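One structure is given here, and the rest of the page talks about it.
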Amino acid sequence: HGVFNAEGEDWKLHRSIITKGLDIKHQGIYPGMLMVIERLHKKWEKNSESGLPSDIQRDLLRFTVDITTSLFGFSMNTLE
C-alpha cells in the first residue's frame, strides 16, 4: 500500500503528503537532492566500470542520510 497504488482513503492520506512535497514553494530543495543523486550514480558507475560490487543497502542508507540532512541545509556527504 504505497503512494503509487493507493486508492480511496489511503490515497487521500498520501495525496496530502505528496502534494506538499511537489508544491512550488519546496523547489529550492531539488538542487541539493540532485547533487546527492548524482553522487550515488557516480559511485555505482565507478564500481560497475571497475568490476567492484556495490553494497546497495549501505549506499541507500547513506543516500537517505545525505538527502535528509540536505533538507536541513547540511551536506553530510556520507556517500563519498
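Quick one: would you say Glu9 is at pLDDT 95 or above, loosely packed, with under 14 Cβ neighbours inside 10 Å and assigned to a helix (DSSP H, G or I)?
Answer is no for this residue.
Taking the stated definitions as given, is Glu49 open to solvent by 80 Å² or more (accessible area, probe 1.4 Å) and modelled with pLDDT under 85?
Against the criterion (open to solvent by 80 Å² or more (accessible area, probe 1.4 Å) and modelled with pLDDT under 85), Glu49 does not qualify.
Sort out which residues of the range 55-75 are surrounded by 14 or more Cβ atoms within 10 Å (Cβ to Cβ) and either aromatic (Phe, Trp, Tyr) or over 23 Å from Phe4 (Cβ atoms) (or both), and write them in order of number.
Arg62, Phe63, Val65, Asp66, Thr69, Ser70, listed by residue number.
If I filter the range 18-29 for residues that are of a type in the set (Ser, Thr, Tyr) and within 18 Å of Ser70 (Cα to Cα), do I get at least one hit?
No, the range 18-29 contains no residue that is of a type in the set (Ser, Thr, Tyr) and within 18 Å of Ser70 (Cα to Cα).
Output the residues belonging to the range 62-80 that are touching a residue at least 12 places away in the same chain (Cβ under 8 Å) and assigned to a loop (DSSP other than H, G, I, E, B).
Ser75, Asn77, Thr78, Leu79, Glu80
The values are calculated or read from the model by the stated rules, or taken from the named source; none is laboratory data. As the structure is a prediction and not an experimental result, all values here were calculated from the model. So basically every Cβ, Gly included, is an ideal-geometry build from the backbone, and we count neighbours across all protein chains shown. We work out accessible area using only protein heavy atoms, side chains counted, and drop any ligands, DNA or RNA first. Shrake-Rupley method; radii C 1.70, N 1.55, O 1.52, S 1.80 Å.
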